[in-house]
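Asks: Starting off with a structure, shown below.
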Amino acid sequence: MSGNESDSSSKDETCIFCLIAHEQDKETEIIKKNDELLCFRDMKPGATHHYLVVTRTHIDNCKRLQEDDLPLVERMVDMGMRILEKNKVSDLDDVRMGFHLPPFSSVPHLHLHALAPASKMNFRSLLHYGPQSHWFITVSDVLDVSRVVVVRQSR
């Protein structure tokens, strides 16, 4: 277990995403799951297709990610892309994937937003998930920032 989980049980009893991740919330339809991740629809979609990929292990947010978590982020992206493909998203270049930056996360549990088509998002959705949003960081930016932090720490 890496040092970014909130507690030794890797689960926060007060976190709705932990309850969903451990399949204790019967109202959420889980679309895809494995031992590490699960995916379900966002309750307040920002695009025609808006899915959340959530870690089963409680990690507070993207700022808590460490170097050894980078493969986890890549697996989250892979699951998000597979869900979009499964749901017949035809243009996989018209996708936004990323994380809300704290304190703008509605749920303090690491979750990847997979949205498509990004070109059809309305003004409100662009404020929350668009390229100019101060609240949203793309996966590529998270990976780049994490690599920069790792390089600086290794010097």
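The values are calculated or read from the model by the stated rules, or taken from the named source; none is laboratory data. Because the structure is a prediction, the values reported are computed rather than measured. All Cβ positions, even for glycine, are placed from backbone atoms using ideal geometry, and neighbour counts span all protein chains on display. To get the accessible areas, we keep the full protein, side chains included, count just its heavy atoms, and leave off ligands, DNA and RNA. Shrake-Rupley method; radii C 1.70, N 1.55, O 1.52, S 1.80 Å.
Asks: Determine, from the Cβ-Cβ distance of Ser119 and Arg41 and an R0 of 25 Å, the FRET efficiency 1/(1 + (r/R0)^6), rounded to the nearest 0.05.
Replies: It comes out at approximately 0.80.
Asks: Hey, could you get me the Stokes-Einstein D for the chain, Kirkwood radius over alpha-carbon pairs, 10 °C and 1.306 mPa s, rounded to whole µm² s⁻¹?
Replies: It comes out at roughly 100 µm²/s.
Asks: Using label points projected 7 Å from each Cα along Cα→Cβ, tell me how many nm separate Glu85 and Asn34, to one decimal.
Replies: The modelled label-to-label distance comes out at 1.3 nm.
Asks: Please identify the trypsin sites (Lys or Arg not before Pro) of the range 68-130 that satisfy two criteria: DSSP loop assignment and at most 10 other Cβ atoms within 10 Å. Which are they?
Replies: Lys88
Asks: State to the nearest 20 debye the size of the charge dipole of the chain about its Cα centre, where the only charges are +1 on K and R beta carbons and -1 on D and E beta carbons.
Replies: 400
Asks: What whole-number value in Å² describes the accessible area per residue of the chain for a 1.4 Å probe?
Replies: Solvent-accessible surface per residue comes out at 57 Å².
Asks: Report the longest stretch of the chain that contains none of the GluC sites (Glu not before Pro) sitting in a DSSP loop with at most 16 other Cβ atoms within 10 Å.
Replies: 37-155
Asks: Considering lysine pairs in the chain that are 8 or more places apart or on different chains, how many have Cα atoms under 16 Å apart?
Replies: 5
Asks: Along the charge dipole of the range 1-110, which of Val89, Cys18, Val53 sits closest to the positive end, that is, farthest toward it, with unit charges on the beta carbon of Lys, Arg, Asp and Glu (+1, +1, -1, -1)?
Replies: About the Cα centre, the residue reaching furthest to the positive side is Val89.
Asks: For the chain, can you list the cysteines whose C-beta has no other cysteine C-beta under 4.7 Å from it?
Replies: Cys39, Cys62
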